[in-house]
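Visitor: Could you have a look at this structure, given as C-alpha coordinates, before my questions?
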Number of protein chains: 2
Amino acid sequence: MASSPFDNDSSSLTLSDRIFEQIQTGIVKGDIPAGSKISEPEMAKAYGISRGTLREALSRLEERQLVVRAPNHGARVVTLSYEELVDIYQVREALGGLACGLAARNMTDAEIDDLKKLLDEHEQSINEDQGLSYYQQEGELDFHYRILQGSRNKKVLSILDGGLYQLMRMYRYQFSTSTPRPLQALKEHRRIVEALEERDAELADLLMRRHIRSARLSIEERQRNSQEQKG
Amino acid sequence: MASSPFDNDSSSLTLSDRIFEQIQTGIVKGDIPAGSKISEPEMAKAYGISRGTLREALSRLEERQLVVRAPNHGARVVTLSYEELVDIYQVREALGGLACGLAARNMTDAEIDDLKKLLDEHEQSINEDQGLSYYQQEGELDFHYRILQGSRNKKVLSILDGGLYQLMRMYRYQFSTSTPRPLQALKEHRRIVEALEERDAELADLLMRRHIRSARLSIEERQRNSQEQKG
DNA sequence: CAACTATAAAGTGTCGACACTTTTATTTTT
DNA sequence: AAAAATAAAAGTGTCGACACTTTATAGTTG
(Lines give C-alpha, C1' and ligand atoms only; values in the text may rest on other atoms or scores of the structure.)
Protein backbone atom coordinates (compact mmCIF):
# COMPACT_ATOMS: atom_id res chain seq x y z
CA MET A 1 0.00 0.00 0.00
CA ALA A 2 1.30 3.46 -0.87
CA SER A 3 2.08 5.77 2.02
CA SER A 4 0.13 8.99 2.16
CA PRO A 5 1.30 12.12 3.94
CA PHE A 6 -1.64 11.70 6.30
CA ASP A 7 -0.54 8.51 7.97
CA ASN A 8 1.76 9.89 10.62
CA ASP A 9 4.54 11.26 8.53
CA SER A 10 5.78 13.15 11.59
CA SER A 11 8.74 14.49 9.67
CA SER A 12 8.87 18.23 9.14
CA LEU A 13 6.49 19.56 11.72
CA THR A 14 4.94 22.93 11.28
CA LEU A 15 6.18 25.84 13.37
CA SER A 16 2.98 25.94 15.34
CA ASP A 17 3.35 22.24 16.07
CA ARG A 18 6.76 22.77 17.58
CA ILE A 19 5.63 25.77 19.61
CA PHE A 20 2.70 23.74 20.83
CA GLU A 21 5.03 21.09 22.16
CA GLN A 22 7.44 23.58 23.65
CA ILE A 23 4.72 25.36 25.55
CA GLN A 24 3.25 22.08 26.64
CA THR A 25 6.46 20.87 28.20
CA GLY A 26 6.97 24.34 29.63
CA ILE A 27 3.64 24.08 31.39
CA VAL A 28 4.15 20.50 32.48
CA LYS A 29 7.56 21.18 33.97
CA GLY A 30 6.37 24.34 35.65
CA ASP A 31 8.59 26.73 33.73
CA ILE A 32 5.34 28.44 32.85
CA PRO A 33 3.70 28.44 36.25
CA ALA A 34 0.25 27.00 36.82
CA GLY A 35 -2.41 29.65 36.93
CA SER A 36 -0.26 32.30 35.34
CA LYS A 37 -1.67 34.57 32.69
CA ILE A 38 -0.36 34.27 29.18
CA SER A 39 0.19 37.49 27.31
CA GLU A 40 0.10 36.75 23.64
CA PRO A 41 2.38 39.56 22.44
CA GLU A 42 4.86 38.86 25.18
CA MET A 43 4.93 35.13 24.62
CA ALA A 44 5.04 35.45 20.85
CA LYS A 45 8.06 37.68 21.24
CA ALA A 46 9.69 35.26 23.64
CA TYR A 47 9.45 32.46 21.11
CA GLY A 48 10.19 34.72 18.16
CA ILE A 49 6.97 33.94 16.33
CA SER A 50 3.88 35.78 15.24
CA ARG A 51 0.74 35.94 17.31
CA GLY A 52 -1.29 34.01 14.78
CA THR A 53 0.99 31.05 15.00
CA LEU A 54 0.96 31.25 18.77
CA ARG A 55 -2.81 31.35 18.85
CA GLU A 56 -3.05 28.15 16.87
CA ALA A 57 -0.91 26.47 19.48
CA LEU A 58 -2.97 27.97 22.29
CA SER A 59 -6.15 26.67 20.71
CA ARG A 60 -4.78 23.18 20.81
CA LEU A 61 -3.53 23.61 24.37
CA GLU A 62 -6.98 24.78 25.33
CA GLU A 63 -8.52 21.68 23.79
CA ARG A 64 -6.11 19.61 25.83
CA GLN A 65 -7.19 21.53 28.89
CA LEU A 66 -3.74 22.70 29.69
CA VAL A 67 -4.80 26.30 29.32
CA VAL A 68 -8.12 27.96 29.99
CA ARG A 69 -9.34 30.80 27.88
CA ALA A 70 -11.99 33.41 28.36
CA PRO A 71 -13.06 35.53 25.39
CA ASN A 72 -11.41 38.94 25.46
CA HIS A 73 -9.63 38.08 28.67
CA GLY A 74 -6.88 35.89 27.36
CA ALA A 75 -5.45 32.58 28.36
CA ARG A 76 -4.24 31.21 31.68
CA VAL A 77 -2.37 28.05 32.49
CA VAL A 78 -4.66 25.63 34.29
CA THR A 79 -4.50 25.26 38.02
CA LEU A 80 -4.96 21.68 39.05
CA SER A 81 -7.01 21.13 42.14
CA TYR A 82 -6.96 18.12 44.38
CA GLU A 83 -10.44 17.15 43.22
CA GLU A 84 -9.37 17.16 39.59
CA LEU A 85 -6.37 15.02 40.36
CA VAL A 86 -8.67 12.44 41.92
CA ASP A 87 -10.88 12.65 38.82
CA ILE A 88 -7.86 11.98 36.68
CA TYR A 89 -6.77 9.00 38.71
CA GLN A 90 -10.22 7.49 38.50
CA VAL A 91 -10.22 7.79 34.73
CA ARG A 92 -6.73 6.44 34.61
CA GLU A 93 -7.76 3.46 36.67
CA ALA A 94 -10.56 2.56 34.31
CA LEU A 95 -8.53 3.10 31.16
CA GLY A 96 -5.34 1.63 32.49
CA GLY A 97 -7.19 -1.53 33.31
CA LEU A 98 -8.73 -1.65 29.89
CA ALA A 99 -5.39 -1.13 28.20
CA CYS A 100 -3.70 -3.75 30.28
CA GLY A 101 -6.34 -6.35 29.58
CA LEU A 102 -6.04 -5.67 25.89
CA ALA A 103 -2.27 -5.76 26.09
CA ALA A 104 -2.44 -9.26 27.53
CA ARG A 105 -4.07 -10.29 24.29
CA ASN A 106 -2.22 -8.11 21.82
CA MET A 107 1.34 -7.55 22.90
CA THR A 108 4.01 -9.57 21.19
CA ASP A 109 6.26 -11.85 23.19
CA ALA A 110 9.17 -9.60 22.31
CA GLU A 111 7.38 -6.56 23.70
CA ILE A 112 6.68 -8.36 26.95
CA ASP A 113 10.31 -9.39 27.16
CA ASP A 114 11.38 -5.78 26.75
CA LEU A 115 9.04 -4.84 29.53
CA LYS A 116 10.74 -7.27 31.84
CA LYS A 117 14.10 -5.79 30.99
CA LEU A 118 12.73 -2.35 31.74
CA LEU A 119 11.70 -3.51 35.18
CA ASP A 120 15.20 -4.85 35.81
CA GLU A 121 16.54 -1.42 35.05
CA HIS A 122 14.04 0.09 37.41
CA GLU A 123 15.10 -2.24 40.17
CA GLN A 124 18.68 -1.20 39.72
CA SER A 125 17.76 2.45 39.70
CA ILE A 126 15.82 2.00 42.92
CA ASN A 127 18.70 0.26 44.63
CA GLU A 128 21.08 2.98 43.60
CA ASP A 129 19.24 6.04 44.84
CA GLN A 130 16.14 4.91 46.67
CA GLY A 131 14.03 5.75 43.67
CA LEU A 132 14.47 9.45 43.96
CA SER A 133 15.96 9.89 40.54
CA TYR A 134 14.37 11.56 37.62
CA TYR A 135 14.73 8.30 35.81
CA GLN A 136 12.58 6.48 38.31
CA GLN A 137 9.86 9.09 38.05
CA GLU A 138 9.69 8.97 34.31
CA GLY A 139 10.29 5.24 34.28
CA GLU A 140 6.93 4.69 35.89
CA LEU A 141 5.28 6.47 33.01
CA ASP A 142 7.42 4.58 30.53
CA PHE A 143 6.11 1.30 31.88
CA HIS A 144 2.54 2.42 31.51
CA TYR A 145 3.20 3.87 28.11
CA ARG A 146 4.47 0.57 26.74
CA ILE A 147 1.39 -1.23 27.93
CA LEU A 148 -0.73 1.43 26.29
CA GLN A 149 1.12 0.79 23.08
CA GLY A 150 0.60 -2.90 23.52
CA SER A 151 -3.14 -2.53 23.84
CA ARG A 152 -3.31 -1.64 20.14
CA ASN A 153 -6.21 0.63 20.98
CA LYS A 154 -5.53 4.02 19.47
CA LYS A 155 -8.21 5.81 21.41
CA VAL A 156 -7.08 4.79 24.84
CA LEU A 157 -3.55 5.67 23.81
CA SER A 158 -4.46 9.13 22.65
CA ILE A 159 -6.59 9.87 25.68
CA LEU A 160 -4.00 8.86 28.22
CA ASP A 161 -0.82 9.79 26.44
CA GLY A 162 -2.27 12.84 24.73
CA GLY A 163 -3.93 14.36 27.74
CA LEU A 164 -3.99 12.80 31.14
CA TYR A 165 -0.35 11.87 31.51
CA GLN A 166 0.66 15.47 30.90
CA LEU A 167 -1.56 16.65 33.70
CA MET A 168 -0.20 14.04 36.06
CA ARG A 169 3.35 14.93 35.18
CA MET A 170 2.49 18.54 35.85
CA TYR A 171 1.17 17.65 39.23
CA ARG A 172 4.29 15.70 40.07
CA TYR A 173 6.59 18.51 39.09
CA GLN A 174 4.50 21.02 40.96
CA PHE A 175 4.35 19.15 44.23
CA SER A 176 7.54 17.22 43.52
CA THR A 177 5.96 14.03 44.71
CA SER A 178 7.91 11.08 43.47
CA THR A 179 6.36 7.65 43.50
CA PRO A 180 5.80 7.21 47.21
CA ARG A 181 6.53 3.50 47.49
CA PRO A 182 8.87 2.51 44.68
CA LEU A 183 9.60 -1.01 45.87
CA GLN A 184 5.95 -1.85 46.32
CA ALA A 185 5.21 -0.35 42.90
CA LEU A 186 7.93 -2.45 41.32
CA LYS A 187 6.44 -5.57 42.85
CA GLU A 188 3.07 -4.68 41.40
CA HIS A 189 4.63 -4.03 38.03
CA ARG A 190 6.20 -7.45 38.06
CA ARG A 191 2.91 -9.12 38.84
CA ILE A 192 1.31 -7.27 35.98
CA VAL A 193 3.96 -8.47 33.58
CA GLU A 194 3.45 -12.01 34.81
CA ALA A 195 -0.20 -11.75 33.96
CA LEU A 196 0.72 -10.44 30.53
CA GLU A 197 3.06 -13.37 29.99
CA GLU A 198 0.33 -15.79 30.88
CA ARG A 199 -2.01 -13.91 28.54
CA ASP A 200 -4.45 -13.61 31.39
CA ALA A 201 -6.43 -10.55 30.33
CA GLU A 202 -8.81 -10.53 33.24
CA LEU A 203 -6.04 -10.68 35.80
CA ALA A 204 -3.97 -8.09 33.99
CA ASP A 205 -6.93 -5.74 34.02
CA LEU A 206 -7.53 -6.33 37.70
CA LEU A 207 -3.93 -5.90 38.75
CA MET A 208 -3.48 -2.71 36.81
CA ARG A 209 -6.61 -1.20 38.26
CA ARG A 210 -5.52 -2.13 41.73
CA HIS A 211 -2.08 -0.72 41.10
CA ILE A 212 -3.42 2.63 40.01
CA ARG A 213 -6.05 2.67 42.70
CA SER A 214 -3.48 2.26 45.44
CA ALA A 215 -1.59 5.21 44.04
CA ARG A 216 -4.79 7.24 44.21
CA LEU A 217 -5.53 6.09 47.74
CA SER A 218 -2.13 7.14 48.94
CA ILE A 219 -2.74 10.57 47.44
CA GLU A 220 -6.10 10.77 49.14
CA GLU A 221 -4.57 9.81 52.43
CA ARG A 222 -1.91 12.41 52.13
CA GLN A 223 -4.60 14.95 51.47
CA ARG A 224 -6.56 13.91 54.54
CA ASN A 225 -3.47 14.27 56.67
CA SER A 226 -2.69 17.73 55.43
CA GLN A 227 -6.31 18.70 55.98
CA GLU A 228 -6.15 17.57 59.59
CA GLN A 229 -3.20 19.81 60.24
CA LYS A 230 -5.14 22.80 59.08
CA GLY A 231 -8.50 21.97 60.70
CA MET B 1 -16.94 33.90 45.98
CA ALA B 2 -16.60 36.34 43.10
CA SER B 3 -17.15 35.01 39.60
CA SER B 4 -14.26 35.30 37.22
CA PRO B 5 -14.59 35.29 33.46
CA PHE B 6 -12.67 32.03 33.46
CA ASP B 7 -15.20 29.85 35.20
CA ASN B 8 -17.37 28.92 32.28
CA ASP B 9 -18.92 32.22 31.39
CA SER B 10 -20.00 30.70 28.11
CA SER B 11 -21.73 33.94 27.11
CA SER B 12 -20.29 35.76 24.11
CA LEU B 13 -18.28 33.14 22.36
CA THR B 14 -15.54 34.11 20.01
CA LEU B 15 -16.06 33.82 16.29
CA SER B 16 -13.61 30.95 16.06
CA ASP B 17 -15.51 29.18 18.83
CA ARG B 18 -18.73 29.33 16.88
CA ILE B 19 -17.10 28.21 13.67
CA PHE B 20 -15.50 25.35 15.54
CA GLU B 21 -18.90 24.16 16.68
CA GLN B 22 -20.49 24.65 13.29
CA ILE B 23 -17.85 22.62 11.54
CA GLN B 24 -18.00 19.98 14.21
CA THR B 25 -21.72 19.41 13.79
CA GLY B 26 -21.23 19.61 10.04
CA ILE B 27 -18.76 16.75 10.23
CA VAL B 28 -20.81 14.74 12.68
CA LYS B 29 -23.96 15.00 10.62
CA GLY B 30 -22.13 14.22 7.42
CA ASP B 31 -22.76 17.56 5.73
CA ILE B 32 -19.01 17.71 5.42
CA PRO B 33 -18.33 14.16 4.27
CA ALA B 34 -15.94 11.88 6.06
CA GLY B 35 -12.59 11.70 4.35
CA SER B 36 -13.14 14.83 2.30
CA LYS B 37 -10.38 17.33 1.91
CA ILE B 38 -10.83 20.74 3.44
CA SER B 39 -9.65 23.66 1.37
CA GLU B 40 -8.98 26.52 3.70
CA PRO B 41 -9.68 29.38 1.30
CA GLU B 42 -12.83 27.71 0.07
CA MET B 43 -14.18 26.93 3.51
CA ALA B 44 -13.24 30.32 4.91
CA LYS B 45 -15.19 31.91 2.11
CA ALA B 46 -18.14 29.60 2.71
CA TYR B 47 -18.39 30.71 6.32
CA GLY B 48 -17.48 34.28 5.53
CA ILE B 49 -14.46 34.39 7.80
CA SER B 50 -10.73 34.81 7.43
CA ARG B 51 -8.36 31.92 7.10
CA GLY B 52 -6.63 32.67 10.38
CA THR B 53 -9.86 32.29 12.28
CA LEU B 54 -10.64 29.11 10.42
CA ARG B 55 -7.25 27.67 11.19
CA GLU B 56 -7.76 28.17 14.91
CA ALA B 57 -10.93 26.14 14.66
CA LEU B 58 -9.20 23.48 12.59
CA SER B 59 -6.43 23.19 15.15
CA ARG B 60 -9.00 22.39 17.79
CA LEU B 61 -10.81 19.96 15.51
CA GLU B 62 -7.52 18.25 14.90
CA GLU B 63 -6.91 17.93 18.62
CA ARG B 64 -10.35 16.34 18.91
CA GLN B 65 -9.38 13.99 16.11
CA LEU B 66 -12.24 15.00 13.92
CA VAL B 67 -9.86 16.18 11.25
CA VAL B 68 -6.42 14.94 10.32
CA ARG B 69 -3.76 17.29 9.12
CA ALA B 70 -0.52 16.80 7.30
CA PRO B 71 1.95 19.68 7.09
CA ASN B 72 1.73 21.43 3.75
CA HIS B 73 -0.96 19.03 2.60
CA GLY B 74 -3.92 20.43 4.43
CA ALA B 75 -6.71 18.95 6.45
CA ARG B 76 -9.09 16.07 5.85
CA VAL B 77 -12.15 14.99 7.73
CA VAL B 78 -11.45 11.74 9.57
CA THR B 79 -12.59 8.48 8.11
CA LEU B 80 -13.76 6.14 10.81
CA SER B 81 -12.84 2.55 10.31
CA TYR B 82 -14.50 -0.44 11.85
CA GLU B 83 -11.46 -1.06 14.02
CA GLU B 84 -11.56 2.44 15.42
CA LEU B 85 -15.23 2.11 16.20
CA VAL B 86 -14.47 -0.97 18.24
CA ASP B 87 -11.69 0.94 19.99
CA ILE B 88 -14.16 3.66 20.85
CA TYR B 89 -16.69 1.25 22.23
CA GLN B 90 -14.09 -0.39 24.41
CA VAL B 91 -13.11 2.96 25.88
CA ARG B 92 -16.72 3.86 26.28
CA GLU B 93 -17.38 0.65 28.13
CA ALA B 94 -14.62 1.33 30.65
CA LEU B 95 -15.51 4.98 31.15
CA GLY B 96 -19.25 4.48 31.04
CA GLY B 97 -18.93 1.94 33.83
CA LEU B 98 -16.78 4.29 35.85
CA ALA B 99 -19.21 7.16 35.40
CA CYS B 100 -22.19 5.04 36.30
CA GLY B 101 -20.61 3.74 39.48
CA LEU B 102 -19.76 7.28 40.51
CA ALA B 103 -23.24 8.46 39.60
CA ALA B 104 -24.70 5.90 41.99
CA ARG B 105 -22.88 7.72 44.74
CA ASN B 106 -23.17 11.30 43.58
CA MET B 107 -26.42 11.89 41.75
CA THR B 108 -29.17 13.60 43.66
CA ASP B 109 -32.50 11.88 44.17
CA ALA B 110 -34.10 14.51 41.95
CA GLU B 111 -31.70 13.74 39.13
CA ILE B 112 -32.48 10.06 39.36
CA ASP B 113 -36.17 10.84 39.30
CA ASP B 114 -35.72 12.87 36.14
CA LEU B 115 -33.88 9.96 34.60
CA LYS B 116 -36.86 7.73 35.26
CA LYS B 117 -39.15 10.21 33.57
CA LEU B 118 -36.83 10.30 30.61
CA LEU B 119 -37.11 6.55 30.28
CA ASP B 120 -40.90 6.80 30.34
CA GLU B 121 -40.68 9.18 27.41
CA HIS B 122 -38.41 6.77 25.62
CA GLU B 123 -40.85 3.96 26.13
CA GLN B 124 -43.61 6.02 24.60
CA SER B 125 -41.42 7.01 21.69
CA ILE B 126 -40.58 3.37 21.06
CA ASN B 127 -44.21 2.32 21.09
CA GLU B 128 -45.10 5.04 18.65
CA ASP B 129 -42.59 4.38 15.93
CA GLN B 130 -40.62 1.28 16.78
CA GLY B 131 -37.74 3.40 17.90
CA LEU B 132 -36.83 4.63 14.49
CA SER B 133 -37.23 8.30 15.28
CA TYR B 134 -34.48 10.79 15.55
CA TYR B 135 -35.62 11.38 19.08
CA GLN B 136 -34.97 7.79 20.04
CA GLN B 137 -31.48 7.92 18.61
CA GLU B 138 -30.50 11.05 20.45
CA GLY B 139 -32.42 9.96 23.51
CA GLU B 140 -29.98 7.15 24.03
CA LEU B 141 -27.16 9.65 24.19
CA ASP B 142 -29.21 11.88 26.45
CA PHE B 143 -29.54 9.07 28.95
CA HIS B 144 -25.82 8.48 28.99
CA TYR B 145 -25.09 12.18 29.14
CA ARG B 146 -27.12 12.62 32.31
CA ILE B 147 -25.30 9.83 34.02
CA LEU B 148 -22.04 11.42 33.00
CA GLN B 149 -23.20 14.65 34.58
CA GLY B 150 -24.19 12.73 37.66
CA SER B 151 -20.76 11.22 38.07
CA ARG B 152 -19.42 14.67 39.02
CA ASN B 153 -16.17 13.69 37.38
CA LYS B 154 -15.19 16.46 34.99
CA LYS B 155 -12.55 14.45 33.19
CA VAL B 156 -14.74 11.56 32.24
CA LEU B 157 -17.36 14.04 31.14
CA SER B 158 -15.00 15.96 28.92
CA ILE B 159 -13.51 12.83 27.38
CA LEU B 160 -16.80 11.22 26.48
CA ASP B 161 -18.90 14.26 25.77
CA GLY B 162 -16.08 16.28 24.28
CA GLY B 163 -14.74 13.66 21.98
CA LEU B 164 -16.04 10.14 21.79
CA TYR B 165 -19.75 10.84 21.57
CA GLN B 166 -19.18 13.00 18.53
CA LEU B 167 -17.41 10.20 16.74
CA MET B 168 -20.15 7.76 17.59
CA ARG B 169 -22.81 10.15 16.40
CA MET B 170 -20.85 10.54 13.20
CA TYR B 171 -20.80 6.82 12.71
CA ARG B 172 -24.51 6.58 13.29
CA TYR B 173 -25.30 9.27 10.79
CA GLN B 174 -22.95 7.78 8.25
CA PHE B 175 -24.29 4.26 8.42
CA SER B 176 -27.70 5.37 9.67
CA THR B 177 -27.72 2.59 12.21
CA SER B 178 -30.31 3.28 14.87
CA THR B 179 -30.14 1.42 18.14
CA PRO B 180 -30.67 -2.11 16.92
CA ARG B 181 -32.72 -3.42 19.84
CA PRO B 182 -34.54 -0.51 21.43
CA LEU B 183 -36.76 -2.53 23.74
CA GLN B 184 -33.88 -4.54 25.11
CA ALA B 185 -31.87 -1.35 25.54
CA LEU B 186 -34.72 0.26 27.42
CA LYS B 187 -34.89 -2.69 29.78
CA GLU B 188 -31.18 -2.37 30.45
CA HIS B 189 -31.56 1.33 31.07
CA ARG B 190 -34.25 0.65 33.63
CA ARG B 191 -32.09 -1.82 35.47
CA ILE B 192 -29.30 0.71 35.57
CA VAL B 193 -31.58 3.32 37.07
CA GLU B 194 -32.71 0.82 39.67
CA ALA B 195 -29.12 0.31 40.68
CA LEU B 196 -28.68 4.06 40.91
CA GLU B 197 -31.74 4.34 43.13
CA GLU B 198 -30.37 1.70 45.42
CA ARG B 199 -27.04 3.52 45.45
CA ASP B 200 -25.38 0.30 44.43
CA ALA B 201 -22.25 1.57 42.75
CA GLU B 202 -20.75 -1.80 41.97
CA LEU B 203 -23.90 -3.04 40.28
CA ALA B 204 -24.40 0.21 38.40
CA ASP B 205 -20.88 -0.07 37.05
CA LEU B 206 -21.39 -3.67 36.03
CA LEU B 207 -24.74 -3.09 34.34
CA MET B 208 -23.52 -0.12 32.38
CA ARG B 209 -20.48 -1.96 31.14
CA ARG B 210 -22.59 -4.89 30.11
CA HIS B 211 -25.03 -2.57 28.38
CA ILE B 212 -22.35 -0.92 26.31
CA ARG B 213 -20.58 -4.19 25.65
CA SER B 214 -23.69 -5.76 24.18
CA ALA B 215 -23.97 -2.80 21.83
CA ARG B 216 -20.41 -3.40 20.77
CA LEU B 217 -20.95 -7.10 20.31
CA SER B 218 -23.91 -6.50 18.05
CA ILE B 219 -21.76 -4.23 15.95
CA GLU B 220 -19.04 -6.84 15.78
CA GLU B 221 -21.55 -9.46 14.74
CA ARG B 222 -22.94 -7.28 12.02
CA GLN B 223 -19.40 -6.82 10.77
CA ARG B 224 -18.71 -10.53 10.69
CA ASN B 225 -21.88 -11.11 8.72
CA SER B 226 -21.02 -8.52 6.11
CA GLN B 227 -17.53 -9.98 5.88
CA GLU B 228 -18.93 -13.42 5.15
CA GLN B 229 -20.90 -12.11 2.25
CA LYS B 230 -17.80 -10.72 0.65
CA GLY B 231 -15.47 -13.61 1.39
C1' DC C 1 1.17 7.52 -26.96
C1' DA C 2 3.33 7.05 -22.60
C1' DA C 3 6.50 9.12 -19.71
C1' DC C 4 9.00 13.13 -18.32
C1' DT C 5 9.60 18.11 -17.80
C1' DA C 6 8.18 22.81 -17.38
C1' DT C 7 4.83 26.04 -16.12
C1' DA C 8 0.73 27.75 -14.02
C1' DA C 9 -2.71 27.47 -10.52
C1' DA C 10 -4.04 26.55 -6.02
C1' DG C 11 -3.08 25.87 -1.28
C1' DT C 12 -0.54 26.17 3.14
C1' DG C 13 2.40 28.49 6.70
C1' DT C 14 3.61 32.62 8.65
C1' DC C 15 3.51 37.38 9.35
C1' DG C 16 2.04 42.31 10.31
C1' DA C 17 -1.82 45.59 10.82
C1' DC C 18 -6.04 47.52 12.77
C1' DA C 19 -10.41 47.81 15.30
C1' DC C 20 -12.47 46.99 19.48
C1' DT C 21 -12.26 45.52 24.51
C1' DT C 22 -10.28 45.30 28.88
C1' DT C 23 -7.10 46.90 32.23
C1' DT C 24 -4.24 50.32 34.24
C1' DA C 25 -3.10 55.07 35.23
C1' DT C 26 -4.64 59.74 35.77
C1' DT C 27 -7.52 63.29 36.67
C1' DT C 28 -11.63 65.24 38.47
C1' DT C 29 -15.32 65.60 41.78
C1' DT C 30 -17.36 65.43 46.31
C1' DA D 1 -8.74 61.44 50.72
C1' DA D 2 -11.90 58.16 48.70
C1' DA D 3 -14.84 57.44 44.82
C1' DA D 4 -16.13 58.28 40.23
C1' DA D 5 -15.06 59.67 35.70
C1' DT D 6 -11.68 59.93 32.01
C1' DA D 7 -7.64 59.04 29.38
C1' DA D 8 -3.87 56.11 28.12
C1' DA D 9 -1.85 51.68 27.63
C1' DA D 10 -2.03 47.01 26.81
C1' DG D 11 -4.27 43.05 25.02
C1' DT D 12 -7.48 40.27 22.16
C1' DG D 13 -10.08 39.08 17.89
C1' DT D 14 -10.07 39.30 13.18
C1' DC D 15 -8.37 40.28 8.80
C1' DG D 16 -5.45 40.61 4.44
C1' DA D 17 -0.89 39.88 2.30
C1' DC D 18 3.14 37.30 0.78
C1' DA D 19 6.55 33.60 0.41
C1' DC D 20 7.06 28.94 -0.30
C1' DT D 21 5.17 24.18 -1.29
C1' DT D 22 2.22 21.11 -3.46
C1' DT D 23 -0.95 19.84 -7.09
C1' DA D 24 -2.79 20.34 -11.61
C1' DT D 25 -2.02 21.52 -16.49
C1' DA D 26 0.30 21.84 -20.67
C1' DG D 27 3.99 20.96 -23.45
C1' DT D 28 7.96 18.19 -24.93
C1' DT D 29 10.58 14.32 -26.01
C1' DG D 30 11.74 9.40 -26.83
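The values are calculated or read from the model by the stated rules, or taken from the named source; none is laboratory data. Since we're looking at a predicted model, the values are computed, not measured. Heads up, the Cβs are rebuilt from the backbone with ideal geometry, glycines too, and the neighbour counts pull from every protein chain shown. Accessible surface areas use protein heavy atoms only, side chains included; no ligands, DNA or RNA. Shrake-Rupley method; radii C 1.70, N 1.55, O 1.52, S 1.80 Å.
Visitor: At a 1.4 Å probe, what is the % contribution of carbon and sulfur to the accessible area of the protein assembly as shown?
Guide: Numbers: 11060 of 23360 Å².
Percent of accessible area from carbon and sulfur atoms in the protein assembly as shown: 47.
Visitor: Another question, then. What's the total accessible area buried between chains B and A, using a 1.4 Å probe, rounded to the nearest 100 Å²? Spell out each step's value before the answer.
Guide: On the way: alone 13420 and 13410 Å², together 23360 Å².
In total, this chain pair buries about 3500 Å².
Visitor: Sticking with this one: Using Cα-Cα distances under 8 Å and only pairs 6 or more residues apart, what relative contact order does region A:10-77 have, in percent? Spell out each step's value before the answer.
Guide: Working: 60 pairs, mean separation 26.7, N = 68.
Here the relative contact order equals 39 percent.
Visitor: If I take every Cα pair under 8 Å that is 6 or more residues apart in region B:1-115, average their sequence separation and divide by the length, what percent do I get for the relative contact order? Mind dumping the intermediate values first?
Guide: On the way: 69 pairs, mean separation 27.1, N = 115.
Relative contact order of region B:1-115: 24 percent.
Visitor: For region A:10-77, compute Rg over Rh where Rg is the Cα radius of gyration and Rh is the Kirkwood radius from the inverse mean 1/r over Cα pairs. It would help to have the intermediate numbers written out before the result.
Guide: Numbers: Rg = 11.2 Å, Rh = 12.0 Å.
Rg/Rh for region A:10-77 comes to 0.94.
Visitor: Looking at the calculated P(r) for region A:152-218, what percent of the C-alpha pair distances fall above 14 Å?
Guide: On the way: 1526 of 2211 pairs.
Counting pairs separated by more than 14 Å, the tail of P(r) holds 69 percent.
Visitor: List, shortest first and in nm to one decimal, how far the label point of B:PRO41 (7 Å from Cα along Cα→Cβ) is from its counterparts in the other copies.
Guide: 3.2
Visitor: A follow-up question, please. May I ask you to report, in nm to one decimal and beginning with the shortest, the distances from A:ARG105 to the same position in the other copies, taking label points 7 Å along Cα-to-Cβ?
Guide: For A:ARG105, the inter-copy label distances come out at 2.9 nm.
Visitor: Could you list the square roots of 5 times each eigenvalue of the Cα gyration tensor of chain B, that is, the equivalent ellipsoid semi-axes, sorted largest first and rounded to whole Å? Spell out each step's value before the answer.
Guide: On the way: eigenvalues 211, 122, 51 Å².
After scaling each eigenvalue by five and taking roots: 32, 25, 16 Å.
Visitor: Now a separate question. Mean separation of Cα pairs under 8 Å and 6+ residues apart, divided by the residue count of chain B: what relative contact order is that in percent?
Guide: Numbers: 227 pairs, mean separation 59.5, N = 231.
Answer for chain B is 26 percent.
Visitor: Using a label point 7 Å beyond Cα on the Cα-Cβ vector, give me the inter-copy distances for A:ASP129 in nanometres, one decimal, shortest first.
Guide: Counterpart label points of A:ASP129 in the remaining copies fall at 6.5 nm.
Visitor: Same structure, new question: How large is the helix-only mean residue ellipticity at 222 nm for chain A, computed as the sum of -39500 (n - 2.57) over DSSP H runs with n ≥ 4, divided by its residue count, in deg cm²/dmol to the nearest 500? Provide the component values of the computation, followed by the final result.
Guide: Values: 10 runs with 163 residues, N = 231.
My calculation for chain A gives -23500 deg cm²/dmol from helical runs alone.
Visitor: Could you please tell me the mean projected area of the C-alpha convex hull for region B:36-135, averaged over all directions and given in square nanometres to one decimal?
Guide: Details: hull surface 42.5 nm².
Averaged projected area of region B:36-135's Cα convex hull equals 10.6 nm².
Visitor: Next up: Where in region B:30-61 does accessible area fall by at least 30 Å² between the isolated chain and the complete protein assembly, at a 1.4 Å probe radius?
Guide: B:ARG55, B:GLU56, B:SER59, B:ARG60
Visitor: Here's something else I'd like to know. Determine the residues within region A:74-115 where the difference in accessible area between the chain on its own and the full set of protein chains amounts to at least 10 Å²; count protein heavy atoms only and use a 1.4 Å probe.
Guide: Relative to the lone chain, where solvent access is computed with a 1.4 Å probe, region A:74-115 loses at least 10 Å² at A:ARG76, A:GLU84, A:ASP87, A:ILE88, A:GLN90, A:VAL91, A:ALA94, A:LEU95, A:LEU98, A:LEU102.
Visitor: Hey, could you grab the Kirkwood Rh for the protein assembly as shown? Inverse mean 1/r over distinct alpha carbon pairs, Å, one decimal.
Guide: Details: mean 1/r = 0.0416 Å⁻¹.
It works out to 24.0 Å.
Visitor: Whole Å is fine, so just give me how far the alpha carbon centre of region B:94-120 lies from that of region B:157-227.
Guide: 15 Å
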